[in-house]
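Written out below as structure tokens is the structure these notes cover.
The values are calculated or read from the model by the stated rules, or taken from the named source; none is laboratory data. None of the values given here were measured: they were computed from a predicted structure. Cβ coordinates were reconstructed from backbone atoms using ideal geometry, including for glycine residues, and neighbour counts include every protein chain displayed.
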Amino acid sequence: MELQQGVVGPDALLPELVEQVAQAGTVEAAARVCQAARAVGARVVHCTAEHRADGAGITENAKIMALIAKLGREQGLPTEAGSPGAALVPELGPEPADIVIPRMHGMTPFTSTSLDQMLRNLGTRTIVATGVSVNIGILGLCLNALDLGYQVVLVRDAVAGVPAEYADSVIDNTLSLIATITTSTELCSLWESP
């Protein structure tokens, strides 16, 4: 989720998140998971955020949304549809068989996108979550997936949030109750074993 240039790259609006992702090795861990998933025939789906150049459709109904809108007005929206910022970080691809599902509003990838229908049509029963931010987006993704009947696996070293201590607390005290928590090394080892 949202491991794209305009969210975790050099021109992102939230530098604290960019720093945490770099420090934690989140992109590298997510890339290992994507490579291992492809190797075993699991579908890789990238959930991205995109915005119109004029900001149409962005609402300011929450503090984080108002902050994004304000920063967008001041600096431009780094996730403008079709821009380099809307693209995935290079380590993740996309590869030809990958699916990219953008959303133009909101904080979670299931709301008003084709994600659920696409996953159901593919026969998906388990979602392996990677990306940002544990604080809001990953939490929402996991809760929505659970509510829709999916099994959820969260790859701890392939997600990040700020501050890091808070993200760890969310994983330990909330997400661990609704998802199986693993690491990229553990998950890739399972996929690689006969």
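Taking the criterion of being within 18 Å of ILE68 (Cβ to Cβ) and out of contact with any Pro (no Cβ under 8 Å at 6 or more places or on another chain), the residues of segment 90-128 that qualify are PRO102, MET104, HIS105, GLY106, MET107, THR108, PRO109, THR111, SER112. Which residues, taken from segment 27-63, are of a type in the set (S, T, N, Q) and over 23 Å from SER189 (Cβ atoms)? Across segment 27-63, the qualifying residues are THR48, THR59, ASN61. Among the residues of segment 103-118, the ones that are over 16 Å from LEU3 (Cβ atoms), hydroxyl-bearing (Ser, Thr, Tyr) and touching a residue at least 12 places away in the same chain (Cβ under 8 Å) come to 3 in all. Do the conditions hold for ALA39, that is, is it touching a strand residue (DSSP E or B) at 6+ places or on another chain (Cβ under 8 Å), closer than 23 Å to VAL128 by Cα, surrounded by fewer than 20 Cβ atoms within 10 Å (Cβ to Cβ) and of a type outside the set (D, E, K, R)? Here the answer is no, as ALA39 does not meet what is asked. Applying a threshold of 7 Å to beta carbon distances and a minimum spacing of six or more residues, or different chains, the list of pairs starting in segment 7-25 at a residue that is under 21 Å from HIS51 (Cα atoms) and ending at one that is assigned to a helix (DSSP H, G or I) and of a type in the set (D, E, K, R) is empty.
Return the residues of segment 10-30 that are surrounded by fewer than 20 Cβ atoms within 10 Å (Cβ to Cβ) and within 17 Å of PRO94 (Cα to Cα); say none if nothing qualifies.
Answer for segment 10-30, where residues must be surrounded by fewer than 20 Cβ atoms within 10 Å (Cβ to Cβ) and within 17 Å of PRO94 (Cα to Cα): just GLU28.
Within segment 75-83, not a single residue is surrounded by fewer than 16 Cβ atoms within 10 Å (Cβ to Cβ), touching a residue at least 40 places away in the same chain (Cβ under 8 Å), over 20 Å from SER133 (Cβ atoms) and of a type outside the set (Val, Ile, Thr). Would you call THR48 surrounded by fewer than 18 Cβ atoms within 10 Å (Cβ to Cβ) and out of contact with any Lys or Arg (no Cβ under 7 Å at 6 or more places or on another chain)? Against the criterion (surrounded by fewer than 18 Cβ atoms within 10 Å (Cβ to Cβ) and out of contact with any Lys or Arg (no Cβ under 7 Å at 6 or more places or on another chain)), THR48 does not qualify. If the condition is being under 12 Å from ALA31 (Cα atoms) and not in a loop (DSSP other than H, G, I, E, B), then segment 77-102 contributes LEU88, PRO90, GLU91, LEU92.
Could you name every one of the helices (runs of 4 or more DSSP H) located completely within segment 104-194 that has at least 3 residues being more than 14 Å from the chain's Cα centre (by Cα) and surrounded by fewer than 19 Cβ atoms within 10 Å (Cβ to Cβ)?
In segment 104-194, 115-121, 164-170, 184-192 are the helices (runs of 4 or more DSSP H) which contain 3 or more residues that are more than 14 Å from the chain's Cα centre (by Cα) and surrounded by fewer than 19 Cβ atoms within 10 Å (Cβ to Cβ).
Within segment 1-59, the residues that satisfy the criterion of being polar (S, T, N, Q) and either under 24 Å from ALA145 (Cβ atoms) or modelled with pLDDT under 95 (or both) are GLN4, GLN20, THR26, GLN35, THR48, THR59.
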